[in-house]
Amino acid sequence: MPHPTAAAPGRAPEPPDSSGPLLTVRGVTKSFSGVHALRGVDFTLEPGSIHALVGENGAGKSTFIKVLTGVHAADSGEVRFLGEPVAFTRPADAQNAGISTIYQEINLVPLLTVAQNIYLGREPRRFGLVDTRGLNRQAAALVERLGIDVDVRAELGSLGLGVQQMVALARAVSIDARVVIMDEPTSSLEVREVETLFGVARTLAGSGVGLVFVSHRLDELWALCDTVTVLRDGRVVHTGAMAALDRVGLVSLMLGRDASDVRAAGTTDFGESHAHGDAPLLSVSGVEVPNRLHGVGLTARPGEVVGLGGLLGSGRSETLKAIYGDLSTTSADVEIQGQRVRPGSVSRALRAGIALLSEDRKAEGIIPEMSVRDNIALAVLPRMSRGGLVSDARIDALVEVFMRRLKIKASSPQQKVRELSGGNQQKVLLARWLATEPKVFLLDEPTRGIDVGAKREVQGLIDELAGQGLAVVLVSSEMDELVEGSDRVVVLHDGAVSGELDGDRLTSADLLTALAGGIPSDAGTAAGAERSDRG
Amino acid sequence: MAEQTATAAQPAPAAPPAEPHTRRRVDGAWFRRNGVYLGLVVLVVVNLVITPHFASTGSLRLQLVQVAPIIVVSLGMAMVIGTGGIDLSVGAVMAMTAAVIPLYIGYGTFGAIAAGLIAGLLSGALAGSVISRVGVQPIIATLAIMVGLRGLANITGGQIKSIRDPGFRELGSGDVLGIPWVVLVAVVVTLVVWGLMTRTTFGRQLVAIGGNARASTLAGLPVKRVLTTVYVLSGLLAALAGALLVARNQASDPTRLGQLVELTAITAVVVGGTPLTGGQVRVLGTVAGALLMQLITFTLVAHNITDSVAQMVQAVIVILAVYAQVGTRMRRRSRA
């Protein structure tokens, strides 16, 4: 750690030097067991500014916030708060010093009242007891000043999520925060609640507080923020006025693709497009999940790789999970070879020939303490047994085939899967699903977080599977993977299909425009992108 | 301390850090897996030296007969803990069995035992369904059943009744080829549970669910069915243990029988190396754990140290066992 704790104790009560920036970050780096999460981040937060922090998954946003708030210590670099170098070691230190964080999941106490939550740990006292009346009076004055309409004596858990977020904001204000970091505060809010939250945020900014705002809903950035910093791969790739960027510009910065500079091919290991039949193998329509998906539909023919594009939060994973029966839907029509699969059950989907490689390998994929062998055989155990007795010989045969076919590197089939590299864990999971002999393979970020060699192998495998007549639905945040790996890309935006690209129109430039929420033909900025792409 | 042992055991000083699984060393993980056997061996040796008549058949027999019902309950508990759950109702199920047996003794030994087992099965089915389908936490669901069933056992059973049935007398004090029936039952149960865990789809699915329930659901495993079955098995085994105790005492005492057995069983499982977080079931470890706790009590009591002190020693053993588990996990996390 570069600096010893210069945190909480020395903070003077008078507002020091209101002209300078609230936060100045220079060259902060942070890596986790060799993986660089932040590589020299510079960041400045001015008083009264609402500063958007954007980037795709893995760009380093959360790590950066965690460094600011003392959850992680930076490996090197400097963080100055109100001009003083600081190195918080605990979130409480950052909070006491005046940096408050509001997370997506509200970390307040649902069973306490609004007032109790706002002043939790700092209750006004009388005769050594909590002065409830004083507490409520103070809290009521505070929420009124912020323009929040809520009864401070109400139990927090009984209120809507939006109100809870605003209570979290009020708490931040009440502890005299100079900096408020809002990490996706709106992701579970209704439109009206978002408006009120923004109102409170503006009031705060008006009083000289600096706000850092993280959101995946791009529209909100222009509605609320004045400045934007874009992170990609742990680096700051852009800082500037919010109004100076348009949607396509922002999205291309986030994804690292310039709309006017699109390479032809070659960064992935995908081959040419695949031959496919005419009748759809998978056909999905009218998938409704309240607040998440609105009438999503797609089809995939045998041998076809259908890409599912969209920014974070657009509903890609949810669509796959709904098809797989893991996410409960209010309505959904899924058909495999014309046969309807009743939604809402994973085992029915599996039996119908659908497999889902889920995005979160650790939480939803591997069973860490079990062997490679048992992980591969997990989904087909009933088929590997007779009368409930497992046939180890059959499992061994199956496992051997897949370990060789997918080149899984493990010391033996008995090795615990937890000890394998990310790429090999991913191959174990691919083997688990391939063992079920699926007709439709839903792949959610199949190459995320695995090394380059394994990535190429997985991409090669996707081609091979399509060649064998499977229908593949591919979700990927990597433009190259999506454009080169898919025969067709369905683009999602805010939980609905916003467009579809195929044939000549399946280019990075068009995809970029579509991802930003526009349709290539009618967006002004897209015309230029298209033109340069033809060259 | 474990780290020092590790360096001492590794002669090659400049060896690059090998893959963790290839290293065989005496650390927390090794201790968690094998500590119980080590403890058992040490305790047997100590007793051979300091306790007169320890090696006599009579003494040995008494030890085994006493521990047999505990082993039976603990194996059920081990399966439950393997799913990441817990079953606090086993002691109450034993009491319920004790209450049921005198009511059905008119149907013969087997009829009465069957009635007791059905009571255990129903209780387990109730716990399992509430946990797997309603989603109530295992500790709460089985706590409720424990309290309710104790009450029910008192109402239906009441005070001590002596059982004068030749079948029960034979089960409680008879033997085959010198092996007491009670011990034989425990051995058979151990083999059956071991087979279930190693040879069947059920066993593999159970461990998978304990290891990662979410991943198991996505892999299409019948999570609810497996969970329900696990609690049914635990209930059945608890009822069987209750029947064994009734047979051994030649009496049924629903108010006292099985008191605190749930804690003894959890202790045996944990000391045996099964992690409380689930994902593993150590069948032989559990048997060894039950034997170890039994032997500790015996050793202390044989040397005129009161039962209360024995309980405190047991507490220390449990803390050590849990420490070995948690310590291993924390070290692993810091390595990751």
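No value in this document is a laboratory result; all are computed from the given coordinates. Just so we're clear, the structure is a prediction, and the values are computed from it rather than from any experiment. Because the Cβ atoms are built from the backbone with ideal geometry, glycine has one as well, and the counts that use them run over all protein chains shown.
Across region A:212-223, coupling constants 3J(HN,Hα) worked out from phi with the 6.51/-1.76/1.60 Karplus curve, θ = phi - 60°, read 10, 10, 10, 7, 9, 8, 4, 4, 4, 4, 6, 5 Hz, and Gly and Pro carry x. Here the simple spin-label model places points 7 Å from the Cα toward Cβ, and for B:Arg169 and B:Val44 these points are separated by 3.4 nm. Report the relative contact order of chain B, percent, no decimals, based on alpha-carbon pairs under 8 angstrom and at least 6 residues apart. For chain B, the relative contact order is 31 percent.
Translational D (Stokes-Einstein, µm²/s) of region A:367-437 at 4 °C and 1.567 mPa s when Rh comes from the Kirkwood sum over C-alpha pairs? Here the translational diffusion coefficient equals 109 µm²/s. Given Cα positions, please report Rg to Rh for region A:441-480, the hydrodynamic radius being the Kirkwood one. Result for region A:441-480 is an Rg/Rh of 0.95.
When Rg and Dmax are taken over the Cα atoms of region B:62-259, they come to 16.9, 54 Å. Close amide H contacts of A:His238 (hydrogens built in the peptide plane, cut-off under 5 Å, sequence separation of 5 or more or a different chain): A:Val230. Relative intensity of region A:8-245 on a log10 scale, I(q)/I(0) at q = 0.10, 0.14 Å⁻¹, equals -0.46, -0.91, per a Debye sum over C-alpha point scatterers of equal strength in the absence of solvent. In chain A, the calculated helix contribution to ellipticity at 222 nm averages -9500 deg cm²/dmol per residue, counting -39,500 (n - 2.57) for every DSSP H run with n ≥ 4.
Of all lysines in the structure, the ones whose alpha carbon falls short of 27 Å from that of A:Lys30, not counting any fewer than 8 places away in one chain, are A:Lys61, A:Lys66, A:Lys362, A:Lys455.
Between amide H atoms placed 1.01 Å from N, distances below 5 Å from B:Gly278 occur with B:Gly84, all of them 5 or more places distant or on a separate chain. Listed values for region A:287-302 are Karplus-derived 3J(HN,Hα) couplings in whole Hz (6.51 cos²θ - 1.76 cosθ + 1.60, θ = phi - 60°), namely 7, 10, 10, x, 6, 10, 10, 10, x, 6, x, 6, 10, 9, 8, x, and x replaces Gly and Pro. When each of A:His51, A:His72, A:His238 is scored by the number of other beta-carbon atoms lying within 10 Å, the sequence from fewest to most is A:His238, A:His72, A:His51. Tell me whether chain A comes out rounded, prolate or oblate; compute the Cα gyration tensor, take square roots of the eigenvalues as a ≥ b ≥ c, and use a/c under 1.5 as the rounded threshold. Prolate is the answer for chain A, as a/c is 1.5 or above and a/b outweighs b/c.
Modelled spin-label separation between A:Gln339 and B:His303, with each label point placed 7 Å from Cα along the Cα-to-Cβ direction: 7.0 nm. Distance between the pseudo-spin-label points of B:Ile155 and B:Leu276 (7 Å out from Cα toward the beta carbon): 3.3 nm. Listing A:His493, B:His53 from fewest to most neighbouring C-beta atoms within 10 Å gives B:His53, A:His493. Each of A:Arg80, A:Arg386, A:Arg178 has some number of other Cβ atoms within 10 Å of its Cβ, and from fewest to most they run A:Arg386, A:Arg80, A:Arg178. So, R0 is 45 Å and r is the distance between the beta-carbons of A:Asp246 and B:Ile140; what FRET efficiency does that work out to, to 0.05? Computed FRET efficiency for A:Asp246 and B:Ile140: 0.25. For region B:62-259, the relative contact order works out to 44 percent when only alpha carbon pairs closer than 8 Å and six or more residues apart are counted.
For the pair region A:327-350 and region B:69-89, the centres of their Cα atoms are 37 angstrom apart. First check a/c for region B:197-333, with a ≥ b ≥ c the square roots of the eigenvalues of its C-alpha gyration tensor; if it is under 1.5, answer rounded, and if not, answer prolate when a/b is larger than b/c or oblate otherwise. Oblate is the answer for region B:197-333, as a/c is 1.5 or above yet b/c matches or exceeds a/b.
Its Cα centre serving as origin, region A:8-245 has a Cβ charge dipole (Lys and Arg +1, Asp and Glu -1) of approximately 500 debye.
Note on chain B: Kirkwood radius taken over Cα pairs, Stokes-Einstein applied at 4 °C and 1.567 mPa s, translational D equal to 62 µm² s⁻¹. P(r) tail for region A:389-474: Cα pairs beyond 22 Å make up 26% of the total. With the highest mean first, a sort of the peptides B:188-195, A:335-342, B:287-294 on other beta-carbon atoms found within 10 angstrom per residue produces B:287-294, B:188-195, A:335-342. Converting phi to 3J(HN,Hα) with the Karplus coefficients 6.51, -1.76 and 1.60 and the offset θ = phi - 60°, region A:503-512 yields x, 5, 7, 8, 10, 4, 5, 5, 4, 4 Hz in sequence order, with x at every glycine or proline. Maximal additional length on extending the A:Ser207-A:Arg456 stretch stands at 84.4 nm, based on 0.36 nm per residue less the C-alpha distance. Annotation: amide H of A:Ile102 within the under-5 Å range of A:Ile181, A:Met182, A:Asp183, sequence separation 5 or more or interchain, hydrogens built in the peptide plane. Summarising the strand pairing of the protein assembly as shown, around 60 percent of its internal DSSP beta bridges are antiparallel. Judged by the gyration tensor of its Cα atoms, with axes a ≥ b ≥ c, region B:34-137 is oblate; a/c meets the 1.5 cut and b/c is at least as large as a/b.
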